[in-house]
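See structure below.
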Amino acid sequence: MGNVKFNDLKITKIEIFNLSVPLVKPFTISLGVERNAPNTAIKIHTNQDGLYGVGEASPTSFITGDTQESNFVLAKMLAQLIKGKNPLEIENRLYELNRELKLNPTIISAFDMALYDILGKYTNMPLYALWGGKNDRVITTDMTVGISSPEEMANEALEFKNAGFPAIKVKLGEGTEIDVARIKAIREAIGMEIPLRIDANQGWDTVTAINTLNQLAKYNIEHCEEPILRWNNSDLAIVKSKSPIPIMADESVFDHFDAYRLASMKACDYFNIKLAKAGGLNSALKIISIAESAGIKSQVGCMLETRLALTALTHLVVARKNIVHFDIDSALYLSEDPVTGGITYGDNGNIFLPDTPGIGADFNQTYLDKMEKAIID
Ligand SMILES: [Mg+2]
């Protein structure tokens, strides 16, 4: 326990950094191309000596509608709202942030993460332990093949298989003929055994989705993420009813409100939970509760987070058995690592989470010092 009494703890200062990290190579999905991780790092300081929390936002403009520039502006506004208040009252702080800012969950997720980090450090417990979990789960990430020609995609899938990854995710969504050709080429290269997951990123219309999924059934596909436009929940239920491949909602499930609607419409078999969409850990925990209640299983996924936000995400996996698929690979696409502590990647896609209090990861201060910065105090 800390030396400042819990109801006297206060937020004294918030630092905001434009955390840009270059990718190893450009990454293409049906919605667009990404070349660098345009993230935001948040540090929330308190009146207890040395106690601060860290969080990270990773926007994808064509999914979450925000950018690094917009998040820099919004972060300054949000910081003003919570300055001087108690960081342990997470429900109250998130209520204030969510009341002030609609439809921008990504930057809120960075504040949510930093508040939970403070709670964990203050109580001297890792987040998964605060949520009642035990750090004994085997966690392995899949690896994702971006969109290109069938031959190139098959070569990349084979590289990932040979590197020992236990499952491969493939980006599709450009049309029945080309997408079936891609999966055919990949299966010819890697065989039929290794689990294959696909993600159309809203690229198909309803008829194309149903046709394509039926043609892909013979290639042993675990599930398909977001086959059609994100807002068309009623058609998603139709696609699910006519697809031999289980359907996973991704862009159509941002927060727990979306999760409740999709579950009540029986529109999907899985949720893909990302902190950048959910607005952080608090909403992610609520999505998981809805999934458990509705008989839906979950995957955790990522945008272009560093190991900082991915470590926060891994605490959820350790704490909640409803999460059965792990797509925690974004840090492997970054050419630099601005994080100290946190998850480490082992052979065969294995991920190890340390038992350090809070998130258990921090930003390398030398790296942050190179970035554009704002201080609210
Ligand atoms: Mg997806």
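In region 333-361, which residues are of a type in the set (Gly, Ala, Ser) and assigned to a loop (DSSP other than H, G, I, E, B)?
Those that are of a type in the set (Gly, Ala, Ser) and assigned to a loop (DSSP other than H, G, I, E, B): Ser335, Gly342, Gly346, Gly360.
Please give the number of the condition Thr311 fails out of (1) more than 16 Å from the ligand (Cβ to nearest atom); (2) of a type in the set (Ser, Thr, Tyr); (3) out of contact with any Pro (no Cβ under 9 Å at 6 or more places or on another chain).
All conditions are met except number (3).
Can you find, within region 324-343, the residue that is farthest from the ligand (Cβ to nearest atom) among those that are within 17 Å of the chain's Cα centre (by Cα) and of a type outside the set (A, V, I, L, M, F, W, C)?
For region 324-343, the residue satisfying everything is Gly342.
Determine whether region 161-173 contains at least one residue that is under 30 Å from Thr46 (Cβ atoms) and not assigned by TED's automatic domain parsing to the domain that holds Glu89.
no
Of (1) at positive phi; (2) surrounded by 24 or more Cβ atoms within 10 Å (Cβ to Cβ), Asp179 satisfies all except one. Which?
Going through the list (1) at positive phi; (2) surrounded by 24 or more Cβ atoms within 10 Å (Cβ to Cβ), Asp179 breaks only (1).
Testing Glu56 on (1) among the charged types (D, E, K, R); (2) crowded, with 23+ Cβ neighbours inside 10 Å; (3) within 16 Å of the ligand (Cβ to nearest atom), one condition comes back false. Which one is that?
For Glu56, the exception is condition (3).
What helices (runs of 4 or more DSSP H) completely inside region 29-127 contain at least 1 residues that are at pLDDT 95 or above, within 25 Å of Pro338 (Cα to Cα) and β-branched (Val, Ile, Thr)?
Counting at least 1 such residues, we get 61-64, 68-82, 105-123.
I want to confirm something. Restricting to region 132-147 and keeping residues that are of a type outside the set (Val, Ile, Thr) and either farther than 14 Å from Asp199 by Cα or in contact with a His (Cβ under 8 Å, 6 or more places away or on another chain) (or both), which single residue is surrounded by the most Cβ atoms within 10 Å (Cβ to Cβ)?
So the residue we want is Asp142.
In region 70-113, which residue that is aromatic (Phe, Trp, Tyr) and surrounded by fewer than 21 Cβ atoms within 10 Å (Cβ to Cβ) is nearest to the chain's Cα centre (by Cα)?
Phe72
Which pairs turn up if I take residues in region 244-266 that are on the phi > 0 side of the Ramachandran plot and look for partners that are of a type in the set (Phe, Trp, Tyr) and within 15 Å of the ligand (Cβ to nearest atom) with beta carbon separation below 7 Å, at least 6 apart in sequence or on another chain?
Here the result reads none, with nothing in region 244-266 linked to a residue that is of a type in the set (Phe, Trp, Tyr) and within 15 Å of the ligand (Cβ to nearest atom).
Scan region 167-175 and tell me whether some residue there is part of a loop (DSSP other than H, G, I, E, B), surrounded by 16 or more Cβ atoms within 10 Å (Cβ to Cβ) and in contact with a Cys (Cβ under 9 Å, 6 or more places away or on another chain).
Scanning region 167-175 turns up at least one residue that is part of a loop (DSSP other than H, G, I, E, B), surrounded by 16 or more Cβ atoms within 10 Å (Cβ to Cβ) and in contact with a Cys (Cβ under 9 Å, 6 or more places away or on another chain).
State which residue pairs qualify: first residue within 15 Å of Gly133 (Cβ to Cβ) and inside region 322-334, second residue aliphatic (A, V, I, L, M) and within 13 Å of the ligand (Cβ to nearest atom) in any location, beta carbons under 8 Å apart, and separation of 6 or more residues or different chains.
Between residues of region 322-334 that are within 15 Å of Gly133 (Cβ to Cβ) and residues that are aliphatic (A, V, I, L, M) and within 13 Å of the ligand (Cβ to nearest atom), the close pairs are Ile323/Ile273; Ile323/Val300; Phe326/Val300.
I'd like the full set of residues that are acidic (Asp, Glu) and touching a Lys or Arg at 6+ places or on another chain (Cβ under 6 Å), limited to region 1-43.
Correct list: Glu15 only.
The values are calculated or read from the model by the stated rules, or taken from the named source; none is laboratory data. Quick caveat: nothing in here was measured; it's all calculated off a predicted structure. Heads up, the Cβs are rebuilt from the backbone with ideal geometry, glycines too, and the neighbour counts pull from every protein chain shown.
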